[in-house]
1. What FRET efficiency comes out for the pair Asp106/Gln46, r = Cβ-Cβ distance, R0 = 30 Å, nearest 0.05?
2. Taking the Cα centre of the chain as origin and charging only Cβ (+1 Lys, Arg; -1 Asp, Glu), how large is the dipole, in debye to the nearest 20?
3. Report the FRET efficiency, 1/(1 + (r/R0)^6), for Leu121 and Trp141, where r is their Cβ-Cβ distance and R0 is 35 Å, rounded to 0.05.
4. Could you work out the per residue convex hull volume over the alpha carbons of region 29-84, in cubic angstrom?
5. Given springs between every Cα pair under 10 Å in a Gaussian network model of the chain, which of Thr51, Thr126, Thr155 has the largest fluctuation?
6. With every protein chain left in place and a probe of 1.4 Å, what is the accessible surface of Glu18, to the nearest 10 Å²?
7. Which of these, Gln64, Gln46, Gln172, has the largest mean-square fluctuation under a Gaussian network model of the chain (Cα springs below 10 Å)?
8. In the full protein assembly as shown, how much of Tyr169 is accessible to a 1.4 Å probe, in Å² to the nearest 10?
Amino acid sequence: MASVSGDRRPREGTGARERLMDAAYAEVLAGEWGDRRMADIAAAAQVSRQTLYNVFGSKEGLLQAVVVREVNALLDTVVGVLESDGRDPAHAVSRTTRMVLLAARDNPLLRAVVTGDDELLPVLTTRSAPLLDALGERIVWTLREHCPEADPVVTEAVADVTLRLIVSYSLQPVDPDRAAHRVEMVVHGMLPVDR
């Protein structure tokens, strides 16, 4: 997998947005997210607190951006792997599910969000819209690439069901291979594909 879990300390020469996300990433991994104020994160990123508020609006907005960035980096890797999978959309979604679940278990940031404090978990549950939107768009794209003849309404329904299963399995861990197989069966049942 790409260096999704690499060092994310704020780097000189990068833009304020990236430095702020890098600083937040480091705080989450250190287990300090709940104790950090916006001023602390801004200072670590070497930007003003006002800049942090202007860019992300709130501490939660910053956390959501960090998680979406991490998941998008993961999905970039997933898309590269799926390009070699042929045209079987159910198998493509199954592989995506497996890779995301493995990342939720093995990626330091995603594992911290799943197992972290009460300020972290809502990014996957009650305030998960930014993450779900990013994941959903990528799943729809994958399905359209692998099954262009499918009805767009069905494609969006499959993406929604797949996404909700992935989040559910991430929160209540199950063997990634077993979960991926179950998702593949569901997708096969929903899409008109040659088997």
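The values are calculated or read from the model by the stated rules, or taken from the named source; none is laboratory data. The structure displayed is predicted, hence computed values, not measured ones. Don't worry about glycine lacking a Cβ; one is built from the backbone with ideal geometry, like all the others, and counts go over all protein chains shown. Heavy atoms of the whole protein, side chains included, go into the accessibility calculation; ligands, DNA and RNA do not. Shrake-Rupley method; radii C 1.70, N 1.55, O 1.52, S 1.80 Å.
1. 0.45
2. Around 320 debye, computed over the chain.
3. Approximately 0.80, to the nearest 0.05.
4. So the per-residue Cα hull volume is 96 Å³.
5. Of the options given, Thr126 has the highest mean-square fluctuation.
6. Around 70 Å² of this residue is reachable by solvent.
7. Gln172
8. Tyr169 exposes around 40 Å² with every protein chain in place.
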